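Written out below as structure tokens is the structure these notes cover.
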Amino acid sequence: MAGIDDKIAALAFTVTTSRTHERIAELVGDAAQIARSTGPKVSVSENSEGGFDGVIKNFAGVTLAEFTVRVETGGDGSNVVMFQVDDVFRTREMLFYVIPISPWGAPGYKTLRAFSEYLREKVQGDTVRICGVSRPHACLATGEGTGNAGVSGRSDVGRCAGAL
């Protein structure tokens, strides 16, 4: 099993897209909203460089993670979107407050993963993905499939566009 640092490093991505800066800003907001559903509070603000700074905090206001989404305009009019985790709070169980008895963990990892996966998928845009979701989902909004992928006898696997 990979260590938590390797898992967090794997969340970083760089994607070249034809989406506009305004659409990317909307997708960042949507990703924050999706990530909030995992529990912790996710705050994203636009910075002076045209990118976005994000913070994930728990209910007590402790910062679990900080991340950055940078957007750079390419020479051909495309945009390059880069996601990176700047800092993350790590923890592990201790016996008698001094003896570590568990591997390192990151309470904000699940939220970071939800944000990163959603943003990466949506920024990539029109790429078709294989969908194995067995409940109604985004496919209903695209008109691509019934949204019943994986339901016995009514599989739409491979027909989900995945991009709204």
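Treating the beta-carbon of each Lys and Arg as +1 and of each Asp and Glu as -1, no other charges, what is the dipole magnitude of region 4-125 about its Cα centre, to the nearest 20 debye?
That gives region 4-125 a dipole magnitude of about 460 debye.
In a shell of Cβ-Cβ distance under 14 Å around residue 41, excluding residue 41 itself, what net charge do Lys and Arg (+1) and Asp and Glu (-1) give?
Charge balance in the 14 Å sphere: +2.
I'd like the Karplus ³J(HN,Hα) series for region 8-25: coefficients 6.51, -1.76, 1.60, θ = phi - 60°, whole numbers in Hz, and an x wherever there's a Gly or Pro.
Listing the rounded values in order: 5, 4, 5, 6, 5, 8, 9, 10, 9, 9, 8, 5, 6, 4, 5, 5, 5, 4 Hz.
Take the Cβ-Cβ distance between residue 70 and residue 98 as r, set R0 to 35 Å, and report the resulting FRET efficiency rounded to the nearest 0.05.
0.30
Readers should treat all values here as calculations from the given coordinates under stated rules, not as data from a laboratory. Everything quoted here is computed from the prediction, not taken from an experiment. In this analysis, Cβ positions are derived from the backbone assuming ideal geometry, glycine residues included, and neighbour counts consider all displayed protein chains.
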